[in-house]
C-alpha cells in the first residue's frame with residue numbers, strides 16, 4: 001500500500017474475469033463442430049427468372065456455362081461468403097460448398113452455437129444439421145424380359161439406352177472394368193449435347209477413364225474430410241471406387257452388354273445393364289470411412305447442372321430427419337429441385353425390412369425402389385457318408401471328386417489344440433476364426449464343421465476369417481452350421497476361394513450333428529479317439545432357374561410412408577415399385593474395402609434395395625430414349641400402372657417375413673404398385689403427370705405441416721391447396737385416415753396413337769366401398785380424362801386395407817392403380 005490504494009478488490013475481480021474467460025475458452029474447445037446445411041432466399045441458377053418454364057423434355061434445361069449463369073452463380077457464392085464473414089466468429093467455421101445450380105445455399109463446418117447464429121440472419125430460410133449417409137446382374141435382364149422385348153424394340157443391346165445419360169451419386173466407379181469399356185467396334189455416336197460434365201482425375205483414376213462410355217466423373221469429399229481424418233489408401237481422393245458398391249450400381253443400370261462374369265476362374269454367365277448403351281456420369285460422394293449429406297447434396301446440385309437425364313441414388317440416410325417432416329429435409333428438397341429441373345430421380349427404398357414404416361424414401365417426387373428375389377438360385381450341398389444330402393449355400397468349388405470321394409468330417413471344438421494358450425471363447429473354439437486354436441494334424445485335409453455362435457451373432461466373426469483359417473491349415477473344406485441357441489440364419493451365396501458351404505437351418509445342422517456323433521468315438525473324458533464321419537462338399541456354383549419369383553426380399557424396407565420421427569403415416573404410397581435386388585451379379589472393385597471376402601474380385605453377387613434402384617434407373621432410360629418429351633412423372637407413371645402383382649407361377653407375389661423362411665401375401669406397402677414390367681411400361685396407354693407446382697400444392701394440403709416451413713424449404717408460398725394430399729395426381733391412392741367419405745381426382749393422358757375406350761373396375765380395401773365417376777370413358781390420342789374416385793367407410797377398422805383400380809382399354813392397355821386406405825371413422 002505504498003500509494004495508499006487498496007488493490008485487493010481489483011485483484012479478486014481480475015482473478016474472476018480470468019476464470020470466466022478460461023471457462024468460456026474451455027467451453028468453446030469442448031463444443032464439437034458439425035456440418036450444417038443452409039438454404040437461402042433467392043433463386044439458384046437453374047430457376048433464375050424462368051424456372052417454371054423449364055422444359056421436361058430431352059435437351060439442356062439450362063446452360064450453367066453461359067455468362068449470365070456464371071454471373072448469377074458468382075453473386076450467390078459471394079452472398080454466402082458475406083453472410084458467413086459477417087455472422088460467424090473468425091476461425092470458427094469452414095465453408096465446404098456453395099450450392100448454386102438447383103439450390104441456393106451452402107454447407108459449413110462449425111459449432112452448434114455458431115450455427116444457431118445463422119438461423120436469425122435475414123435471407124437464411126433453413127439450417128439443418130448434416131446426417132450420415134451410406135450405401136443401401138447377369139440374369140435380371142432376362143428375368144425382366146428385356147432382350148426379347150424392349151431391347152428388340154430399341155434396336156437390340158447395341159442401341160438400348162443410347163443418347164441417355166444416367167448420373168450415379170455413390171462410392172465412385174472402377175474405370176478399368178469391362179462393363180464400362182468403350183467398344184471401338186461399336187462406337188457410341190449418339191448426340192448428348194444436352195450434357196456437359198468433367199473428368200476429374202486422381203489416384204487410380206487416370207485421364208483416359210472418361211472414355212465415351214463414362215462421360216463424366218467427379219468426386220465430392222469436403223464433407224467427409226471435415227468430419228474425420230480420412231485414410232487416403234481407401235478414401236481415395238478421386239472418382240475411383242474403393243468399395244465396389246458404385247461400380248455394381250452403375251453396371252446394373254448401364255453396364256455394357258454380354259460381359260463375361262468370371263470369379264475364381266469359374267464362368268458364371270454374362271452380365272448386361274438394363275440400358276447397356278446409356279452413358280454414365282459418376283458423382284462420388286460416399287467414402288469407406290464416412291458419408292455426409294453435404295457431399296451428396298453437392299453431387300446432386302452438380303449432376304443436374306451437368307445435364308443428367310436420370311439420377312440414381314442407391315445411398316441414403318441412416319434414419320429419418322429429426323427436426324423436420326420427412327418431405328422437407330434438405331435431402332428431399334434437393335431431390336425436389338432436381339425433379340423441377342426435369343431429372344428422373346430414383347432412390348433405394350431402404351434395407352430395414354420387414355418391419356412396417358421402415359422406408360427411407362419418402363417423397364412423391366422420387367421413385368422408391370423395393371427389392372425382390374429373382375427366379376435364380378445357387379444351391380450347394382454337403383453329402384454325408386450315410387448318403388444324406390444336406391442343402392447349403394455358397395459359391396464354392398466342390399471338394400476333390402465332387403462327391404465321389406469322401407473326407408474326414410471334424411467338429412471344430414474336437415480339433416482344438418489342447419495345449420494352446422488362446423482363450424476358450426466361441427470365436428476360437430467353435431467359429432474357426434483363428435488358426436492357432438487348432439491341431440493342424442487333425443484338421444489337415446478334413447472338412448471342418450464351424451458353428452454359428454456369439455461372434456457371428458454380434459458381427460465380430462467373419463467368413464473371411466474362416467476361409468483364411470482353412471487356407472493356412474489346409475482344410476479340405478469347411479461347413480458353417482446353424483446353432484440351436486441362435487436359430488436359423490440367412491446365408492448369401494458368396495464366392496469362396498476354398499470349398500465350403502453354409503448350413504443355415506437348425507434342423508439340418510441337427511442331422512449333421514447326429515450323424516457325426518454316431519460315427520465318432522470318444523473316451524471317458526469326451527475327447528475324440530477316432531474320427532469316422534465322412535463327407536463331401538458338392539459344387540455350389542451352378543445356378544438353377546424357375547424358382548417362384550419375384551418374392552419381396554426380407555431386408556427390403558416397407559411402408560406405410562410417414563411424415564416425421566413418430567412415424568405418423570402420410571398419404572403417399574412408398575415404396576413405389578418392386579425390382580430385382582436380391583443376389584444380383586454386377587461389376588465390383590477389387591479393393592472391396594468394406595467387404596474383405598470380395599477383395600480381388602471384379603464381380604460380386606450382392607443384395608439390397610441399392611441393387612433394385614439401378615434396375616429402375618436403367619428402365620427409365622429406355623423409356624426416356626423412346627419418348628424423349630416425357631416428363632419424369634410420366635415415366636414413373638408408365639412403370640407404375642403397368643407393374644404386376646403376380647409371380648411367374650400366376651400367384652400373388654409373396655413377401656419374406658421376420659422368421660427365416662417365412663412368407664406372406666405381399667401388399668402395397670411391400671411392393672408399391674408391383675413388380676416392374678419393362679415391356680408393358682413402353683406402351684402404357686395412359687399416364688398421370690405431376691409437376692413442381694403440384695408438389696407444392698400437395699405439401700400445402702397437409703394439415704400437420706407449418707406453411708412457413710414449406711415456404712422456407714421451397715421458396716414458394718402456399719397459394720393453392722389440393723384440398724386433401726391424396727388429390728396429388730400420382731398413380732396410386734393412399735389415405736392414411738379416412739373419415740366417412742372422400743372423393744379424390746385423377747387425371748389421365750392418352751399417350752397411345754389411337755382413341756381408346758376404358759372400362760373401370762374398383763376393388764375396394766377392407767372396410768370401404770369405391771365408386772368410379774365416370775365408370776367408363778373414351779379418350780383420344782393426347783387427350784385427357786378426369787376420374788373421380790369416391791371412397792366411403794363401411795366399417796371402422798383403424799388399419800390399412802388394400803385394393804386397386806383397374807382401367808381396361810379396348811386396345812388391350814391395362815392401367816392399374818393401388819389403393820391403400822385406413823378407415824378411422826364411419827361418421
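A short reminder: the numbers here are calculations on the coordinates, not readings from a lab. These numbers come from a predicted model, not from an experiment. Glycine also receives a Cβ, built like all others from the backbone with ideal geometry; neighbour counts cover every protein chain displayed.
Key figures for this structure:
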item: The stretch 227-291-the stretch 316-386 distance, computed between alpha-carbon centres (Å); result: 19
item: Expected 222 nm ellipticity per residue - DSSP helices of 4 or more, -39500 (n - 2.57), all of the chain, to 500; result: -6500 deg cm²/dmol
item: DSSP-defined antiparallel bridges as percent of all bridges, the stretch 378-544, nearest 5; result: 55
item: Answer label, with Cα extents along the principal axes in Å calculated from the coordinates and candidates (1) 111, 85, 66; (2) 129, 73, 54; (3) 147, 102, 48; result: (1)
item: Residue exposure sequence - 366, 252 - by fewest surrounding Cβ within 10 Å; result: 366, 252
item: Between the stretch 388-414 and the stretch 675-704, the alpha-carbon center distance in angstrom; result: 53
item: Neighbour-count order for 724, 582, fewest beta carbons within 10 angstrom listed first; result: 724, 582
item: Antiparallel %, DSSP beta bridges [both residues in the chain], to 5; result: 65
item: C-alpha center-to-center spacing [the stretch 499-524, the stretch 74-93] in angstrom; result: 68
item: Distribution of pairwise C-alpha distances over the stretch 378-544, 5 Å bins, in %; result: 2, 10, 20, 24, 23, 15, 6, 1, 0, 0
item: Relative exposure of 640, 629, judged by other C-beta atoms within 10 Å (fewest first); result: 629, 640
